[in-house]
Amino acid sequence: MGDRWKIKRARAYQLMDAASVLALMSAICRHPPAVSTATVLVPVFNAHGPDAVREILVDAHTMAQTTGSKVTAAAIKNVLRARGLGPAQASVAEGAMPRVAWRSTGG
């Protein structure tokens, strides 16, 4: 993989994981999202589905508007922390959603 595409295997898998989140974000956001922003949301998407990602994006957008900043990976991490979904918590198994009641998407 590294010879043909000039990226490491781990990065290729990271980009493949982020693709679903990027597609969702592209449908929601006005501007094209950054891969780093999508990568932060991959554990939430995998554990809780697209509705959870939408809620996080809405919160991050609201915070960005009030502070006059942009929706960045750091801003999304702040929203995740505020909801009790830091990096370790965001990857919990489906059905064990801490402090947040999201609808199951059946995935």
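Each value in this text was obtained by applying a stated rule to the coordinates, not by laboratory testing. Here the structure is a predicted model, which means the values were calculated and not measured. Please note: Cβ atoms are built from the backbone with ideal geometry, for glycine as well, and neighbour counts cover all protein chains shown.
Projected label points at residue 17 and residue 55, each 7 Å from Cα along the beta carbon direction, are separated by 2.2 nanometres.
Amide H to amide H distances under 5 Å link residue 49 with no residue, where only residues 5 or more positions off or on other chains count and H is placed in the peptide plane. Given a Förster radius of 30 Å and the C-beta distance between residue 6 and residue 66 as r, what FRET efficiency does 1/(1 + (r/R0)^6) yield to the nearest 0.05? It comes to 0.15.
Between residue 78 and residue 35, the modelled labels are 2.6 nm apart [label points 7 Å from Cα along Cα→Cβ].
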